[in-house]
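Q: Quick one: the structure is below, questions incoming.
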Amino acid sequence: MSAPIRVLVTGAAGQIGYSIVLQIAKGDVFGPNQKVTLVLLDIPAFATPLEGVKLELIDCALPTLAGVEAVTTEAEAFHDIDYAFLIGAMPRKEGMERKDLLAANVKIFKSQGLALAKYAKPSVKILVVGNPANTNALIAAKYAAGKVPLENFSAMTRLDHNRAAAQVALKVGVPVENVKNVIIWGNHSSTQFPDVAHAKVLKNGQEVDAVGAINDTAYLQGDFISTVQKRGAVIIEKRKLSSAMSAAKAAVDHIRTWHVGTKPGEFVSMAVASDGSYGIPKGLIFSFPVTIENGKWSIVQGLKIDEFAQGKINATTKELEDERTDALEACGESKQ
Ligand code: NAI
């Protein structure tokens, strides 16, 4: 086995944290032949439950787990890390406006961006899960600039991607592994655009266009999109808790794909810094279809965007631009 990979999980005493740490520790992300050292960060008020999570991980007696550290300071947490799952964020409190929540959370990510620059390996790869995930990633990247490259930052839309693939599979009546190349464009929010225009389905041994297999434009432009967009809210309504299990699984999928690469002919959705592709303003952390090779993602180029899709992409772009303005203001920056 090679030297252990040092992996940080923030918000590790929280719901997603509890679901994800075992999966990382037992090799679901980096494989059965790669040891990991898990660094668990939460706020000092959660130091005791965090210690409990650490004890449980030890009790799992896993050959892939080289060590566990439960910490409550950024200096300890970000020291020398190879990967960061930035999950910890402040939950929305009653009466809190969206803008107040954004302001509180982007300040956390400003501080973590500075900590990444100061303590992490420059090669560290970062997945932001804590909401507003895209804009938190933008802020963390901004404050780590000069030390950690922009392309090492990403935000999670893989849960939305998985939800979209699962809905297509249900509609067509095939196993979910027979569905590929759904796309989530834009923000991880209700303005995201789940798009099946380029998706393929393996049906009766033949690869066909998902649009043709579904053959229901009204559904694809209506219920399909709203089901994926509102899935998180529906789960909160039913469970009275957010979708931690599926979010943890999606975060595992996101980093595993980044680590091992995409399969030939396949792309996945990942929110990354725009390079201007598809007319998205440079630097916005925007969910695109990407392929990954040797740990480097590339935005899939040349996909045809019709008028309907363009309208949806414009709406989510506008929301991300507004979030960026609010976030920079909350960080005390008047201009980007
Ligand atoms: P949770 O409230 O159960 O856990 C959050 C944890 O983060 C808590 O233990 C809290 O103490 C900790 N925390 C707060 N500030 C911190 C800081 N500065 N440093 C380290 N830890 C800190 O929440 P849950 O359900 O685990 O969700 C976490 C985040 O993930 C939320 O922002 C949620 O909205 C987001 N989320 C994102 C999804 C996505 O697809 N991008 C999907 C589902 C959730």
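No lab work stands behind these numbers, since they all come straight from the coordinates. Computed from a predicted structure; not experimentally measured. Every residue, glycine as well, gets a Cβ built from its backbone with ideal geometry; the counts of neighbours run over all protein chains shown.
Q: For a quick size check, give me the Cα extents of the chain along its three principal axes, largest first, whole Å.
A: Principal-axis extents of the chain (Cα, largest first): 53, 49, 40 Å.
Q: While we're on this one: To the nearest 500 deg cm²/dmol, what mean residue ellipticity at 222 nm is calculated for the chain from DSSP H runs of n ≥ 4 alone, each contributing -39,500 (n - 2.57), summed and divided by the residues?
A: For the chain, the value works out to -14000 deg cm²/dmol.
Q: Here's another thing I want to ask about it. Would you pull out the residues with amide H under 5 Å of Gln192's amide H, same chain only if 5 or more places away, H placed 1.01 Å from N?
A: Asn187
Q: At 7 Å along Cα-to-Cβ for each site, give me the label-to-label distance between Asp223 and Arg92 in nm.
A: 2.6
Q: Over what distance in Å are the Cα centres of segment 126-168 and segment 289-323 separated?
A: Between the Cα centres of segment 126-168 and segment 289-323 lies a distance of 13 Å.
Q: Which of the peptides 55-66, 105-116 is most tightly packed, and how do the rest follow, judged by the mean count of other Cβ atoms within 10 Å per residue?
A: Going from most to least packed, we get 105-116, 55-66.
Q: Which shape class, rounded, prolate or oblate, goes with segment 260-336 when its Cα gyration tensor gives a ≥ b ≥ c as root eigenvalues, a/c under 1.5 marks rounded, and past that a/b bigger than b/c marks prolate?
A: oblate
Q: Short version: ³J(HN,Hα) in whole Hz for each residue of segment 234-243, in order, from phi by Karplus 6.51 cos²θ - 1.76 cosθ + 1.60 (θ = phi - 60°), x for Gly and Pro, what are they?
A: 5, 5, 4, 4, 7, 8, 6, 9, 7, 7
Q: Using 0.36 nm per residue of separation minus the Cα-Cα distance, give me the extension gain between Asn215 and Val176 in nm, one decimal.
A: 12.2 nm
Q: Treating only the Cβ of Lys, Arg, Asp and Glu as charged (+1, +1, -1, -1), what charge dipole size does the chain show about its Cα centre? Round to the nearest 20 debye.
A: The dipole magnitude comes to about 160 debye.
Q: Need one word for segment 2-155: rounded, prolate or oblate. Basis is the Cα gyration tensor (sqrt eigenvalues a ≥ b ≥ c); a/c below 1.5 gives rounded, then a/b vs b/c decides.
A: Oblate.
Q: Convert each backbone phi in segment 17-27 into a coupling constant with the Karplus relation 6.51 cos²θ - 1.76 cosθ + 1.60 (shift: θ = phi - 60°), then list the ³J(HN,Hα) values in order as whole Hz, x for Gly and Pro.
A: Per residue, the Karplus-derived 3J(HN,Hα) values read x, 5, 6, 8, 4, 5, 4, 5, 5, 9, x Hz.
Q: Right, here's the next one. Give the lysines reachable from Lys304 as a straight Cα distance under 21 Å; neighbours fewer than 8 places away on the same chain don't count.
A: Answer for Lys304, where 21 Å is the Cα cut-off: Lys180, Lys200, Lys282, Lys312, Lys318, listed by chain and number.
Q: Would you be so kind as to identify which of Leu40, Ala25, Ile87 lies farthest towards the positive end of the dipole of segment 1-124, taking Lys and Arg as +1 and Asp and Glu as -1 on Cβ and the Cα centre as origin?
A: Value computed over the given set: Ile87.
Q: So for the chain, averaging the separation of alpha carbon pairs under 8 Å that are six or more residues apart and normalising by length, what relative contact order in percent results?
A: Rounded, it is 16 percent for the chain.
Q: Once a ≥ b ≥ c are taken as the square roots of the eigenvalues of the Cα gyration tensor of segment 54-110, is the result rounded (a/c under 1.5), prolate (a/b larger than b/c) or oblate (a/b not larger than b/c)?
A: It comes out prolate by the Cα gyration axes.
Q: Charges only on Cβ, +1 for Lys and Arg, -1 for Asp and Glu: so what's the dipole of segment 2-155 about the Cα centre, in debye to the nearest 20?
A: For segment 2-155, the charge dipole is close to 500 debye.
Q: How would you rank 149-160, 286-297, 168-179, highest first, on the average number of other Cβ atoms within 10 Å across their residues?
A: 149-160, 286-297, 168-179
Q: Under a 5 Å amide H to amide H cut-off, with H placed in plane at 1.01 Å, what residues pair with Ala70 once short-range neighbours are removed?
A: Here the answer is Leu40, since their amide H atoms fall under 5 Å of that of Ala70.
Q: I'd like to compare 68-76, 5-13, 234-242: which one has the highest average count of other Cβ atoms within 10 Å, and what's the full order after that?
A: 5-13, 68-76, 234-242
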